[in-house]
1. Hey, with R₀ at 22 Å, roughly what FRET efficiency would residue 92 and residue 52 work out to, going by the Cβ-Cβ distance, to 0.05?
2. Restricting attention to the range 24-91, which trypsin sites (Lys or Arg not before Pro) occupy a DSSP loop and are surrounded by at most 16 other Cβ atoms within 10 Å?
3. All other residues with a Cβ under 13 Å from the Cβ of residue 81 taken together, and with Lys, Arg as +1 and Asp, Glu as -1, what is their net charge?
4. Can you give me the accessible area per residue for the range 1-152, using a 1.4 Å probe, in Å²?
5. Over the chain, with a Gaussian network built from C-alpha contacts below 10 Å, which listed residue (77, 119, 64) shows the highest mean-square fluctuation?
6. First compute the accessible area of the chain with a 1.4 Å probe, then give the percent of it belonging to carbon and sulfur atoms.
7. By DSSP, what percent of the beta bridges with both residues in the range 37-161 are antiparallel, rounded to the nearest 5?
8. Straight distance only, please: which lysines reach the Cα of residue 101 with their own Cα at less than 29 Å, same-chain residues fewer than 8 apart left out?
Amino acid sequence: MTAGNGQKMLYLLFQIGRDRYALEAAQVALVLPLAQLKKVPATPPWVMGLFNYGGQHVPVLDISLLATGQAAAARLSTRLVLVHYTPEGKPTQLLGLVVEKATNTLRCNPADFSHSGLSNEAAAYLGPVLRQDDGLIQRINVQDLLDPSVQAVLFPEVVSA
């Protein structure tokens, strides 16, 4: 689902606090209601645990907790979004993201998003912003969510016996 020559792309919208964010729909594998997770000790606090999807163990992150230090509220509109994530030097895997108010989509040209004017090394996943009449929407870059040390914890090498 690449956008060229002004082609519009679909985005899943959600909120962190009062702010709106967008995920490219092409990166989204599945949107589910919140599910029971298996807690994983000694991981960053925003790693909520593991979810089993089709026999695959999927690490799940709380995007609100990652971004603001405040956990996502358990609302009817809070969803578990499975996205395609490619850890450094490894094949694409599923990664779960818990997001609030994930009930709308937006279709627009990716070029409509522009640089925010800020540089935030600690939150490299925060992408460009889109100005709308009712405020700004910031794109989340899934590939930039995890630094290499967290990737190593969540997606370790498979060791054959």
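1. Efficiency for this residue pair is about 0.75.
2. Here the trypsin sites (Lys or Arg not before Pro) that fit, given the DSSP loop and packing criteria, are 39, 75.
3. -1
4. Averaged over the residues of the range 1-152, the accessible area is 55 Å².
5. Between 77, 119, 64, it is 119 that shows the largest mean-square fluctuation.
6. Roughly 52 percent of what the probe reaches on the chain is carbon or sulfur.
7. Percent antiparallel among DSSP bridges in the range 37-161 is about 85.
8. Correct list for residue 101: 8, 38, 39.
The values are calculated or read from the model by the stated rules, or taken from the named source; none is laboratory data. No experiment lies behind these values; they were computed from the predicted model shown. Reconstructed Cβ throughout: ideal geometry from the backbone, glycine too, with neighbour counts over all protein chains shown. Ligands, DNA and RNA are excluded from the accessible area calculation, which covers all protein heavy atoms including side chains. Shrake-Rupley method; radii C 1.70, N 1.55, O 1.52, S 1.80 Å.
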